Amino acid sequence: MTDSQPQTQNWNAFVEQWNEQFLEALEQNMEAQAQFVESWSEAVEETTDDVEVADGVEGYARAYDAWMNASQQMVERMNDVVEGEDVDLEEFRDVWLNTANEAFKEVMSTTAFARMTGETVGDVLEAQQQADEAAETTLRTLGFATGSDVVEVGDRLVELERRQHAVEQKLDRVLEELQE
């Protein structure tokens, strides 16, 4: 009877550890879903096109389905553990990672996401242009050459070389005429 007591305690500890890990994973899943819903709803609120809104909602619904399927998989695998099946912890991690990838893919494939990404890139490029202009103004104020100054000097140098080459060609023709 003493042999079965340590086994029962080990089993209880094992099940308790699995339950804690499952609850932690479930809590993280709910937090991830909440963050996803919040960010997605903010994005959808910004869209004005009905087609984009519908597409965005459909993308969100597909992503939500992916999360729900992952939750169902986790419950099923936990039941397998409780029934005595040997389940690797990496399998639980893989379920969440694959689901996150799938949900992100569902959202990324929407026109609303594409529009928002385009707007973000446009905003970044505009901010970069403003920063470049401010840096150039500062450099000019301090008396340093700027990128546009160097380009201007280069353009002038190319033009001078072109003119010099034209003058040399004319001079060569004049010299040829004089030698004849």
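The values are calculated or read from the model by the stated rules, or taken from the named source; none is laboratory data. Given the structure is predicted, the values throughout are model-derived calculations rather than measurements. Because the Cβ atoms are built from the backbone with ideal geometry, glycine has one as well, and the counts that use them run over all protein chains shown.
Remarks
- Of everything in region 87-108 that is modelled with pLDDT of 80 or more and of a type in the set (Asp, Glu), the residue that is farthest from residue 15 (Cα to Cα) is 102.
- Only a single item in (1) surrounded by 12 or more Cβ atoms within 10 Å (Cβ to Cβ); (2) over 30 Å from residue 70 (Cβ atoms) is not met by residue 137, and it is number (1).
- Remark: pairs (first residue in region 89-108, outside the structural domain of residue 71 (by TED's automatic domain parsing); second residue basic (Lys, Arg); Cβ separation under 7 Å; 6+ apart in sequence or on different chains) are absent.
- Residue that is surrounded by the fewest Cβ atoms within 10 Å (Cβ to Cβ), among those in region 140-170 that are hydroxyl-bearing (Ser, Thr, Tyr) and assigned to a helix (DSSP H, G or I): 141
- Among the candidates 64, 60, the residue that is under 18 Å from the mean Cα position of the chain (by Cα) and either outside the structural domain of residue 23 (by TED's automatic domain parsing) or in a helix (DSSP H, G or I) (or both) is uniquely 60.
- Restricting attention to region 69-79, the residues that are free of Cβ contacts under 8 Å to residues at least 24 places away in the same chain and surrounded by 13 or more Cβ atoms within 10 Å (Cβ to Cβ) add up to 2.
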